[in-house]
Amino acid sequence: MRIISGKYKGRAINPPRNLRARPTTDFAKENLFNVLGNLVDFEECDVLDLFAGTGSISYEFASRGARSVTAVEINPVHYNFIRQTAAQLGIGSLHAVKANAFLYLKNCNKQFDIVFSDAPYDLEGSEEIVRLTLEGDRLRSGGLLIFEHSKKADFSDNACFWQLRSYGSVQFSFFKKP
């Protein structure tokens, strides 16, 4: 796993073998950030990364100059890995939070420009993240929710659904808050 672009481009991220995460593939991540690069000014963005896992997406946003990145991860091993990696890289804009993503969304009092969610594909109720993000006050007007999911899921009937991008077995549903 590596950071694809920005200040930390090319830096390898080597999670310990006991991390039970499914990191977004470099291929999917690179394509996702190519799409985002045409839509947003990273330096003007506050980003929320839910189910952060190894922190791969968080590091990428931080490397591209995001104003702030909040990585939410409930697993203590993953949470500690994100904190340690951010410290080793010297990423001051990345803040790791050890919390349940659902509860974080319900109780957080901050707004974000981009919310990225990579819930485990088999997590029951993960689609609730879409509702909590869009109906809550977590996403600024015009902000984006990017929900990574398997090909089995379909969110196209959501009023805020904007587009779907597929990269191999990975799909990203994009939602735009009016």
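The values are calculated or read from the model by the stated rules, or taken from the named source; none is laboratory data. Predicted, not measured: the structure shown is a model, and the values here were computed from it. Note that each Cβ is placed from the backbone with ideal geometry, even for glycine, and that neighbours are counted across all protein chains shown.
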*Identity of the residue in the range 167-178, in contact with a strand residue (DSSP E or B) (Cβ under 8 Å, 6 or more places away or on another chain) and not aliphatic (A, V, I, L, M), that ends up farthest from E148 (Cα to Cα)*: P178
*asked:* Being on the phi > 0 side of the Ramachandran plot and without any contact (Cβ under 8 Å) to a residue 60 or more places away in the chain is the filter here; which residues of the range 15-60 pass it?
replied: G55
*State all residues of the range 39-51 that are closer than 20 Å to L134 by Cβ and not aromatic (F, W, Y); if no residue qualifies, say none.*
L39, V40, C45, D46, V47, L48, D49, L50
*Among the residues of the range 53-69, which ones are at pLDDT below 95 and touching a Gly at 6+ places or on another chain (Cβ under 9 Å)?*
none
*Here are some residues: K152, K98, K106. Which one is touching a helix residue (DSSP H, G or I) at 6+ places or on another chain (Cβ under 7 Å), over 20 Å from I57 (Cα atoms) and charged (D, E, K, R)?*
K106
*Identify all residues within the range 134-164 that are under 20 Å from F42 (Cα atoms) and within 15 Å of the chain's Cα centre (by Cα); write none if there are none.*
R138, L139, G143, L144, L145, I146, F147, E148
*Within the range 66-85, count every residue that is over 15 Å from the mean Cα position of the chain (by Cα) and without any contact (Cβ under 8 Å) to a residue 60 or more places away in the chain.*
5
